[in-house]
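Right, one structure below, let's go through it.
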Amino acid sequence: MSQSPDADPRSDLETALTQIFGVAEVLMELGVKDEVAAYLGGQLKEHCDAATDAFNRIYGLDKCKSEPQP
């Protein structure tokens, strides 16, 4: 994935996390017949979840979701 010089880093991070999640899902699907793919998909999903959690905390997204909107 290449970024343009005008790209928004927050948007780039969000896109990267979404793509990582997609790769993890594919590996987990392949894991039905392949133990190694299942393991790698599970590990990648755990790392993606941790990174997504950090992203949400950095930008206060969890807080926004739990608070009622005016």
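The values are calculated or read from the model by the stated rules, or taken from the named source; none is laboratory data. These numbers were taken from a predicted model, which means no experiment stands behind them. As a convention, Cβ positions derive from the backbone with ideal geometry for all residues, glycine included, and neighbour counts pool all protein chains shown. Note: areas computed on protein heavy atoms with side chains; ligands, DNA, RNA excluded. Shrake-Rupley method; radii C 1.70, N 1.55, O 1.52, S 1.80 Å.
Is there any pair linking a residue in the range 17-41 that is within 25 Å of Phe55 (Cα to Cα) and open to solvent by less than 90 Å² (accessible area, probe 1.4 Å) to one that is hydroxyl-bearing (Ser, Thr, Tyr) and in a helix (DSSP H, G or I), with Cβ under 7 Å and at least six apart or on different chains, and which?
Hits for this filter: Leu17/Thr52.
Residue check: is Ser11 assigned to a loop (DSSP other than H, G, I, E, B) and either modelled with pLDDT under 90 or in contact with a Leu (Cβ under 6 Å, 6 or more places away or on another chain) (or both)?
no
Filter the range 14-34 down to the residues that are closer than 23 Å to Asn56 by Cα and at pLDDT 90 or above and list them by number.
Thr15, Ala16, Leu17, Thr18, Gln19, Ile20, Phe21, Gly22, Val23, Ala24, Glu25
Give the range 42-57 a look and list any residue that's touching a Gly at 6+ places or on another chain (Cβ under 9 Å) and open to solvent by 80 Å² or more (accessible area, probe 1.4 Å), or say none.
none
Does Lys45 satisfy the criteria of being among the charged types (D, E, K, R), part of a helix (DSSP H, G or I) and modelled with pLDDT under 90?
Criteria not met by Lys45.
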